[in-house]
Structure formats: structure tokens, C-alpha cells
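The values are calculated or read from the model by the stated rules, or taken from the named source; none is laboratory data. Just so it is clear, the structure is predicted and the values come from calculations on it, not from any experiment. We place every Cβ from the backbone using ideal geometry, glycine too, and count neighbours over all the protein chains shown. Remember, those area values only see protein heavy atoms, side chains included, never the ligands or the DNA or RNA. Shrake-Rupley method; radii C 1.70, N 1.55, O 1.52, S 1.80 Å.
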Amino acid sequence: MKLQRILTIVRMELKRFLKEPLVLIFTLLLVPVLMLVFGLTMGSSYGWSEDYTIFEIMVPGFLAYACLLTIYDVAASVASERELGLQRRINTTPLTSSEYIVSQMISYTIKPMIQLVLGFGVAYLVGYRPLNSFIGLLLIILFLVILTFCSVGFGLMTANFAKTASTAGGLAFIFIVPQQIFGTFIPPEFMAAQNFAWFLPSYYATNGIGLIFAGVPLTDSMIWIRLGILTGISAVIYAIGLILHNRNKRT
């Protein structure tokens, strides 16, 4: 495994991200803008709880939703590479599967950190004050990174069934919308099909981040159980996505 080849792929991914302003705005800036709007309009409204405003309850879901948009980004990107023939060119290089995996892990670790800084910065500007420590903040980053990897897996799965970038972008919402509805913004206890949320990785990320923001001690088992379940689901989804992607590379 050569570091130079890994860093080359990472730079290529970041340059591609910056060269596509629509994707940049949609996957990176959309959520901070939504948080700004909801923070200004619902920052003092109490609906679901007497202790927290509607906006305070929604903040963890906004952060998780930002990670879910990675599904769209990855699906459209991989399908575009295949459509333009770039994937065949990559197959002719000495890049190994392990180097590709590591480069993707690095690339998609940077994004949730940027999302957290932007999202949390906007929330702080509109008056949001979570009850967590610096260690808790690092744990929140871990939740977001793992959910992002899960989203990468969903994105690779989506690209496997799409022939064009536009088709892949549309199909991505098959995985985004259910997690958005049942696992992020709407608490599952308010849903008729509340048990559906237990099968969604976004639920465990949103719930775990919410517990940390609420000041629950980091030694509480509820946080670590949710992190463990999220990690297990993400590992399976990422592995399936990677297997399908590698199989498609050989065809």
C-alpha cells in the first residue's frame, strides 16, 4: 500500500467536489442554510417538549441529514465516472482495492468534519447551546463519520443499478428519504410505524448525538449501544456497496 497513490485519489476526490458547485451547495451548504432558517423561525418555539425548542430537537437530525446527502454525492460521482469511462482508466493503474478503500475513507472523513463545523457554527449563531463537553464533540464527529461511511455504501449500491449520473442521483433518494423521515427530523414515538426507525442507521446517529447534546454522561450505555449498532449496520452496508462496486469495475 503506497501513501502517494492514496493521497492522489484523495486530492482527485476533493478537486472533483470543488469543481461541481451544484453538488457542493446541495451536499455541504444546504443543511447549514436550513438550520439558519429553522433556527430563526423556531428557535423559541416549544412543540414536542417543554424543555427543548423544536429547533433544539431538530439539530441532531440536521447533522445526520447532512451525512445522508453523501449518498447522492457518491452515487452520482461513481455513475459519472463509469459513464465517462474514467473507471476503466483507473482499472489500468496500479491502484489496489485496499488503497482505494483507504483513500475513500480519508476523503469522506473530511466532509462530515466540515459539515459539523458549519452546522454547529450556524446553530450557535442562532442561540443553540448544547450541554456537551469537548470529548462529547469528538464522539459526535465519530457518529457522523460512521454514518457517512454507511452513506458511502448506500451510494455505491445505488450507482451499481444506475447507468447515468442523473439516474443515480434520483435513485439515491430511495435511501435518503426513508431515513430522513423516520430517522432524523421526526421522533419515532410520534410515528404510527415507529418500529421502522430501529432498522435505519440515521436513527441511531441522530439519537446518539441528541443524547450527547442533551448532556447525558458519556459513560451512559445508551450512547455506546447506539454507536455499536450504527457501526455494525454501517460495516455491513459499506461492505455490500464495495463488493458491488468492485464487481462492476471488472465488467
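Here I225 and I174 are evaluated by their C-beta separation; at R0 = 35 Å the FRET efficiency comes out at 0.80. Counted residue by residue at 0.36 nm each, then reduced by the alpha carbon distance between them, the extension gain from L131 to L218 reaches 30.2 nm.
The order of the peptides 235-245, 211-221, 197-207 by mean Cβ neighbours within 10 Å, most packed first, is 197-207, 235-245, 211-221. Rolling a 1.4 Å probe over the protein heavy atoms gives the range 113-251 an accessible area of 47 Å² per residue.
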